[in-house]
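Have a look at the structure below before the remarks.
The values are calculated or read from the model by the stated rules, or taken from the named source; none is laboratory data. Just so we're clear, the structure is a prediction, and the values are computed from it rather than from any experiment. With ideal geometry, Cβ positions are generated from the backbone for all residues, glycine too; neighbour counts draw on all protein chains shown.
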Amino acid sequence: MPAIEAVGLTKRYGNRLALAGVSLRVETGECVGIFGANGAGKSTLLRILATLVRPTTGHVRCCGLALPGQANEIRRLIGVVGHQTYLVDDLTAWENLDFYARLYGLRDAAGRIQDVLDRLGLGDRAGERVRALSRGLQQRLSIARAILHRPLVLLLDEPDTGLDREGRDRLQALIADQVARGGAVLLATHSVEFGSQVVSRALFLDRGRLAWERPVGEELAGELERQLRRRP
Ligand code: ATP
């Protein structure tokens, strides 16, 4: 059963067609990258798969469950990093994760929270309020939140934003771990360098359409750069 199966997705905002008939399949044990220029539709696609936005037309299944009817069940299976952090500014890093741990009904919440904080290099910042954390540290905490409940599918929209080299290395290790344990990752990024290090397959969105698909290989980074430069 594929981790994600989307067929004929379109999304219209007024007169603007943000997605124009996108179909894709992501298998378990793979990390698929979505590349494309500003406004190509990457976030729209990820937000639909994350159950945050309804498509105008088309069908989505996640691990066999269908949207929109099984959205609640799907939300337990996915971890989402988006443009918003989904963190509460006035709560500490620990309190934020504890809130989500309760929401997911996690057993051994304290152990798991410590584990994800350590994996993102935040072990010594647990007691600090989110508003006191730098942009990159908030991004790390947002990633910690997304993996807290051990989701089968990670939907990552520009997760490398604001991360330093060490943060990107930690993110790369998390993605490799997710893939190695049979999970799936769908990742949008503007960093061809970061993307080509972590994805096993690349999709290229151009004005709402899937224009191009390529398995990872030596030529991937160069080809992506060429595609991105072709756009006005
Ligand atoms: P970026 O690389 O800049 O993040 P993207 O590839 O993620 O871009 P989207 O955010 O998916 O692109 O946007 C696709 C198109 O849909 C754009 O033209 C955008 O302006 C439009 N759009 C997105 N969200 C909305 C909205 N809520 N209302 C109206 N138009 C929207």
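Which members of the range 23-61 meet the condition of being of a type in the set (S, T, N, Q) and touching a residue at least 12 places away in the same chain (Cβ under 8 Å)?
Step one: filter the range 23-61 for residues of a type in the set (S, T, N, Q), giving 23, 28, 38, 43-44, 51, 56-57.
Ser23, Thr28, Ser43, Thr44, Thr51, Thr56, Thr57, listed by residue number.
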Of all residues making up the range 39-59, the number that are of a type in the set (D, E, K, R) and near the ligand (Cβ under 8 Å from one of its atoms):
2
Considering only residues of the range 71-80 that are under 16 Å from Val53 (Cβ atoms) and among the aliphatic types (A, V, I, L, M), which is surrounded by the fewest Cβ atoms within 10 Å (Cβ to Cβ)?
Ala71
Report the residue count in the range 97-120 for those that are in contact (Cβ under 8 Å) with a residue 24 or more places away in the chain and among the hydrophobic types (A, V, I, L, M, F, W, C).
7
Scanning the range 181-220 for residues that are more than 16 Å from the ligand (Cβ to nearest atom) and without any contact (Cβ under 8 Å) to a residue 24 or more places away in the chain, the one nearest to Thr44 (Cα to Cα) turns out to be Glu213
Within the range 39-70, can you find the residues that are at negative phi, crowded, with 16+ Cβ neighbours inside 10 Å, small (Gly, Ala, Ser) and outside any loop (DSSP other than H, G, I, E, B)?
Ser43
Taking the range 15-57, which residues are over 23 Å from Leu174 (Cα atoms) and of a type in the set (D, E, K, R)?
Arg16, Arg54
Considering only the range 87-124, state which residues are at positive phi and surrounded by 13 or more Cβ atoms within 10 Å (Cβ to Cβ).
Gly121
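Does the range 223-230 contain at least one residue that is within 16 Å of the ligand (Cβ to nearest atom) and modelled with pLDDT of 95 or more?
Taking the range 223-230 as the starting set, the residues that turn out to be within 16 Å of the ligand (Cβ to nearest atom) are 224-225, 227-230.
Those left that are additionally modelled with pLDDT of 95 or more: none.
No: zero hits.
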Could you grab me the full set of residues in the range 10-38 that are surrounded by 16 or more Cβ atoms within 10 Å (Cβ to Cβ), near the ligand (Cβ under 10 Å from one of its atoms), over 15 Å from the mean Cα position of the chain (by Cα) and in a strand (DSSP E or B)?
Lys11, Leu17, Ala18, Leu19
In the range 9-31, what residues are under 21 Å from Gln197 (Cα atoms) and touching a Ser or Thr at 6+ places or on another chain (Cβ under 8 Å)?
Glu30, Cys31
Checked the range 142-169 for anything under 16 Å from Gln84 (Cα atoms) and of a type in the set (Lys, Arg); matches are Arg145
Just the residues that are in a loop (DSSP other than H, G, I, E, B), at pLDDT 95 or above and farther than 21 Å from Leu156 by Cα, please, taken from the range 107-126.
Ala126
